[in-house]
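Engineer: Have a look at this one.
The values are calculated or read from the model by the stated rules, or taken from the named source; none is laboratory data. The structure presented is a predicted model; accordingly, all values stated were derived computationally and were not measured. Neighbour counts are summed over all protein chains in view; Cβ atoms, including those assigned to glycine, are modelled from backbone coordinates with ideal geometry.
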Amino acid sequence: MNIFSEPFILEDKNRLPEIYKLRYNAYKNHPLAENFDFKLSDGIKSCSDILDENGKHFIVLNNAANEIAATYRLNIIDTLEQLPYPNIFKPFQLPEARPFLFYSRLVVDEKYRNNNFANKLQKSLLQYHIDNKILFGIGTALHLVDWLKKWGFEILGEVDTTLDRNYHFGSSFAMIINIENINNYGNPSKSIE
Ligand SMILES: CC(C)(COP(=O)(O)OP(=O)(O)OC[C@H]1O[C@@H](n2cnc3c(N)ncnc32)[C@H](O)[C@@H]1OP(=O)(O)O)[C@@H](O)C(=O)NCCC(=O)NCCS
């Protein structure tokens, strides 16, 4: 058995707190971390929002340790108002098709980084996008803009962070992927095994 699974959608909602903790560990040193809405549950800090309950949580599992190594969330959205920070997208002209997809909360556990897990997850989310024939998806990014572009994402514009007090990620870009631009970048090649 491979130590690490291929990405799959987490069905066991009881494991969501593990994802929230993984995010907290990744975001706690963010320069704007003091603005984040971190929650305390059973004495452990975690990071979740209104999109988690109905989100599709793609994960890579360390089978040997039964530990979530990486996570990336996809939501099927009918109206911007379903997002935790809808206002930042309002200045941009989005296609009219509904529903669309919202990409967010990509995290690889620090000890498993540089093993292509983000690439594998991105590929799985985009495959979901294609399989469900959803015409476009959006998200935001700063340091991963160039990486997202390799997959076919385009920049909608710079986020005006003053438009939504729930947006805590600071200077960043709103990104869009149209289904016809999804490409085969990142056929996973590197592997930890
Ligand atoms: C960003 C993150 C998910 C990347 O994980 P990873 O283990 O490096 O992922 P991969 O090995 O699959 O690499 C994916 C690509 O991202 C690039 N990348 C990774 N970290 C990067 C960074 N800080 N800046 C720019 N590109 C980066 C890699 O070079 C790689 O590019 P390639 O496909 O051209 O080779 C991980 O560093 C992380 O969890 N960071 C904290 C949370 C975060 O910033 N999430 C994203 C915004 S919410």
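Engineer: For region 17-31, name all the residues that are farther than 19 Å from GLU67 by Cα and either at pLDDT below 80 or away from the ligand (no atom under 14 Å from the Cβ) (or both).
Structural biologist: none
Engineer: Which is of a type in the set (A, V, I, L, M, F, W, C) and either surrounded by 18 or more Cβ atoms within 10 Å (Cβ to Cβ) or at pLDDT 85 or above (or both), of ILE44, ILE68?
Structural biologist: Being of a type in the set (A, V, I, L, M, F, W, C) and either surrounded by 18 or more Cβ atoms within 10 Å (Cβ to Cβ) or at pLDDT 85 or above (or both) holds for just one of ILE44, ILE68, which is ILE68.
Engineer: I would also like to ask the following. Would you check if there is a residue in region 144-166 being more than 9 Å from the ligand (Cβ to nearest atom), without any contact (Cβ under 8 Å) to a residue 40 or more places away in the chain, touching a strand residue (DSSP E or B) at 6+ places or on another chain (Cβ under 8 Å) and on the phi > 0 side of the Ramachandran plot?
Structural biologist: yes
Engineer: When you scan region 75-193 for strands (runs of 3 or more DSSP E) that lie fully inside it, which ones turn up with 2 or more residues that are surrounded by 17 or more Cβ atoms within 10 Å (Cβ to Cβ)?
Structural biologist: Counting at least 2 such residues, we get 100-108, 136-141, 173-178.
Engineer: Also, quick follow-up: When you scan region 90-127, how many residues do you find that are farther than 18 Å from ASN181 by Cβ, basic (Lys, Arg) and touching a residue at least 60 places away in the same chain (Cβ under 8 Å)? Explain how you work it out, then say what you get.
Structural biologist: Filtering region 90-127 for residues farther than 18 Å from ASN181 by Cβ gives 90-91, 98-99, 104-118, 120-121.
So of that shortlist, the ones also basic (Lys, Arg) come out as 90, 98, 105, 111, 113, 120.
Remaining after also requiring touching a residue at least 60 places away in the same chain (Cβ under 8 Å): 90, 105, 120.
Qualifying residue count, region 90-127: 3.
Engineer: Scan region 48-68 and give yes if some residue there is part of a helix (DSSP H, G or I), within 14 Å of the ligand (Cβ to nearest atom) and of a type in the set (A, V, I, L, M), otherwise no.
Structural biologist: No, region 48-68 contains no residue that is part of a helix (DSSP H, G or I), within 14 Å of the ligand (Cβ to nearest atom) and of a type in the set (A, V, I, L, M).
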